[in-house]
Amino acid sequence: MNLQAYIILCITTAIWGGNSVAGKLAVGHVSPMMLTTMRWVIACLVLLAFAAPQVKRDMPVIAKNWLLLLGYGTIGFTAFNAFLYSALQYTSAINAVIEQAGIPMVIFLMNFVFFRTAVSWAQIAGFTLTLVGVALTASHGNPATLLSLELNQGDALMMAAVLVYAGYTVALRWKPGIHWKSLIAASAFGALLSSLPLLVWEIAEGGFIFPDMRGWIIVAYAGLLPSLVSQILYVRGVELIGPNRAGLFINTIPIFGMLLSILLIGEKLETFHIIAMVLVLGGIAVAEKGRPRTAAK
């Protein structure tokens with residue numbers, strides 16, 4: 001079970017690393033809210049094609065839990081990606097993928113505060129290392145800027161993205177007992193609905209960019225892999241080993257995102273990026289090895 005979960009979650013985070021790079025490549029080719037909305041249009045159309053029979057069978061449960069399911073789509077799908085794509089207008093893809101490593105720390109904190117989930121000293125040490133790495137990245141190698149609250153606008157938006165996705169992960173503990181196809185379909189529909197007001201706002205503010213050829217390629221990628229494949233795999237990973245342990249694998253996003261950023265975008269790898277990556281990967285190793293053995297998840 002552990003090996004299956006590890007493979008599933010690594011594939012998931014590789015796709016998410018690619019999502020951050022795609023968001024950076026989208027700058028000037030498709031606007032953030034247009035990209036957010038269109039990816040869910042594509043995802044919903046695909047789901048309609050192959051998940052409709054299962055959704056119909058699960059409709060009584062979906063109807064009973066419709067608010068929760070729409071909430072999953074609004075928070076975990078739309079809000080996270082809206083913050084991410086907006087952040088990439090102002091900060092680098094490398095920064096964005098490293099800062100996403102802060103999600104596990106927030107998951108640990110939320111689970112402890114709201115549910116008193118057992119946390120070992122090793123896990124505390126692990127996500128402390130992660131926090132230091134994220135802070136180093138967000139401050140562009142100068143932590144003093146955090147004390148003066150002089151964050152790049154994009155890095156501040158990434159902090160918001162971290163908070164909403166951690167909340168989504170923790171909330172998966174309440175997901176109803178329905179087939180994964182129905183869970184993803186209902187959440188994707190919620191994401192589409194909640195993205196429409198953001199698109200209207202973007203148009204009204206004059207920031208709308210209709211996709212060109214590169215924009216449509218990015219929209220297609222985002223609509224298929226990050227919107228569908230990765231979400232399905234992440235839900236399965238959480239089922240297998242629980243939100244605390246599954247959330248730790250988000251720390252592998254920097255590896256994939258950093259490599260893709262250098263290869264596809266030509267972004268410069270700074271010394272503080274390397275130090276931060278060592279810290280966040282060290283954090284996942286320490287926290288995973290030292291997790292409480294009395295709890296299976």
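Tell me whether the range 193-213 contains one or more residues that are assigned to a helix (DSSP H, G or I) and buried (at least 23 other Cβ atoms within 10 Å of the Cβ).
Yes, because at least one residue in the range 193-213 is assigned to a helix (DSSP H, G or I) and buried (at least 23 other Cβ atoms within 10 Å of the Cβ).
Residue under question is Pro226, and the condition is that it be open to solvent by less than 40 Å² (accessible area, probe 1.4 Å), within 30 Å of Lys175 (Cα to Cα) and not aliphatic (A, V, I, L, M); does it hold?
When the stated conditions are applied, Pro226 passes them.
For Lys268, only one of the following conditions fails: (1) open to solvent by 60 Å² or more (accessible area, probe 1.4 Å); (2) basic (Lys, Arg); (3) outside any loop (DSSP other than H, G, I, E, B). What is its number?
For Lys268, the exception is condition (3).
Which ones in the range 272-283 are in contact with a Gly (Cβ under 7 Å, 6 or more places away or on another chain) and farther than 22 Å from Leu88 by Cβ?
Of everything in the range 272-283, those that are in contact with a Gly (Cβ under 7 Å, 6 or more places away or on another chain) and farther than 22 Å from Leu88 by Cβ turn out to be Leu279, Gly283.
Search the range 223-248 for residues that are closer than 30 Å to Val30 by Cα and free of Cβ contacts under 8 Å to residues at least 60 places away in the same chain and pair each with any residue that is of a type in the set (Val, Ile, Thr) and part of a helix (DSSP H, G or I) when their beta-carbon atoms are under 7 Å apart and the residues are at least 6 apart or on different chains.
Correct list of pairs: Ile232/Ile184.
Looking only at the range 88-128, count how many residues are open to solvent by 10 Å² or more (accessible area, probe 1.4 Å) and within 30 Å of Ser31 (Cα to Cα).
Final tally of qualifying residues: 4.
Could you tell me how many of the residues in the range 21-36 are open to solvent by 40 Å² or more (accessible area, probe 1.4 Å) and small (Gly, Ala, Ser)?
Of the residues in the range 21-36, 1 are open to solvent by 40 Å² or more (accessible area, probe 1.4 Å) and small (Gly, Ala, Ser).
Just name the residue that is most open to solvent (accessible area, probe 1.4 Å) out of those in the range 161-180 that are assigned to a helix (DSSP H, G or I) and more than 23 Å from Gln100 (Cα to Cα).
Within the range 161-180, the match that is most open to solvent (accessible area, probe 1.4 Å) is Trp174.
What are the pairs, 6+ residues apart or on separate chains, where a residue within the range 259-271 that is more than 13 Å from Val97 (Cβ to Cβ) has its Cβ under 9 Å from a residue that is open to solvent by 70 Å² or more (accessible area, probe 1.4 Å) and at pLDDT below 85?
Glu270/His140
The values are calculated or read from the model by the stated rules, or taken from the named source; none is laboratory data. Because the structure is a prediction, the values reported are computed rather than measured. Glycine also receives a Cβ, built like all others from the backbone with ideal geometry; neighbour counts cover every protein chain displayed. All accessible areas refer to the heavy atoms of the entire protein, side chains included, with ligands and DNA or RNA removed. Shrake-Rupley method; radii C 1.70, N 1.55, O 1.52, S 1.80 Å.
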